[in-house]
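Structure, as structure tokens:
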Amino acid sequence: MTAAARDVRVPMRIQHALFECCGVKLAEAQTKSRANRLAIARHGLSYFLWRRYRLSTVEIGRLLNRDHSTICHSLGLAEASVEGHKSPKCQAIAALIRNLNDAEDTALSHHNRPKEEAALLTGNR
């Protein structure tokens, strides 16, 4: 586990479930590789973390070893995907985002949540 992963306001078990859902490991997502499967995973994760956990582009960038402006680009592409853009890459990102929602729900339902994790998820800190 990297220091960046520990610093993010998303519980580690949720991070692991999200990366597993994407079929990548944190270390892979943090590489400079532009492989299509990694790029789609980064776009989907960026959008999910931004919408669900209200992480800033800087926080997401820290987790994925990317600059905040790269995360802004990812968010724009992911938003186009969610809005129904028909390119194959956008369709893959939209499907991944749906799967991330399911993976998070599964991870939360299989564990007892400590109070601090519940507060993070609801935004009550």
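Determine, yes or no, whether Ala103 is among the small types (Gly, Ala, Ser), crowded, with 18+ Cβ neighbours inside 10 Å, out of contact with any Pro (no Cβ under 9 Å at 6 or more places or on another chain) and at pLDDT below 90. It is true that Ala103 is among the small types (Gly, Ala, Ser), crowded, with 18+ Cβ neighbours inside 10 Å, out of contact with any Pro (no Cβ under 9 Å at 6 or more places or on another chain) and at pLDDT below 90. Assigned to a helix (DSSP H, G or I) and within 11 Å of the chain's Cα centre (by Cα) - does that describe any residue in region 1-14? So far as region 1-14 goes, yes, one or more of its residues are assigned to a helix (DSSP H, G or I) and within 11 Å of the chain's Cα centre (by Cα).
Across region 82-96, the qualifying residues are those that are over 15 Å from the mean Cα position of the chain (by Cα) and part of a helix (DSSP H, G or I), and the one among them that is surrounded by the fewest Cβ atoms within 10 Å (Cβ to Cβ) is Pro88.
Return yes or no: is Ala118 assigned to a helix (DSSP H, G or I), modelled with pLDDT of 85 or more and either at negative phi or of a type outside the set (S, T, N, Q) (or both)?
no
Pairing residues of region 42-61 that are crowded, with 24+ Cβ neighbours inside 10 Å with residues that are aliphatic (A, V, I, L, M) and not in a helix (DSSP H, G or I), at Cβ distances under 8 Å and at least 6 apart in sequence or on separate chains, gives Leu49/Val8; Leu49/Val10; Leu49/Leu55.
Applying the selection to region 19-43, what residues are in a loop (DSSP other than H, G, I, E, B) and within 14 Å of the chain's Cα centre (by Cα)? Working first, answer last.
To start, the set of residues in region 19-43 that are in a loop (DSSP other than H, G, I, E, B) comprises 23-25, 30-35.
Residues satisfying the conditions are Gly23, Val24, Lys25, Gln30.
Arg66 meets all of the listed conditions (1) touching a Lys or Arg at 6+ places or on another chain (Cβ under 8 Å); (2) charged (D, E, K, R); (3) surrounded by fewer than 19 Cβ atoms within 10 Å (Cβ to Cβ) but one, namely (3).
Answer yes or no: is there a residue in region 23-37 that is at pLDDT 90 or above, β-branched (Val, Ile, Thr) and surrounded by fewer than 20 Cβ atoms within 10 Å (Cβ to Cβ). Checked region 23-37: at least one residue is at pLDDT 90 or above, β-branched (Val, Ile, Thr) and surrounded by fewer than 20 Cβ atoms within 10 Å (Cβ to Cβ).
The values are calculated or read from the model by the stated rules, or taken from the named source; none is laboratory data. Here the structure is a predicted model, which is why all the values come from computation and not from measurement. With ideal geometry, Cβ positions are generated from the backbone for all residues, glycine too; neighbour counts draw on all protein chains shown.
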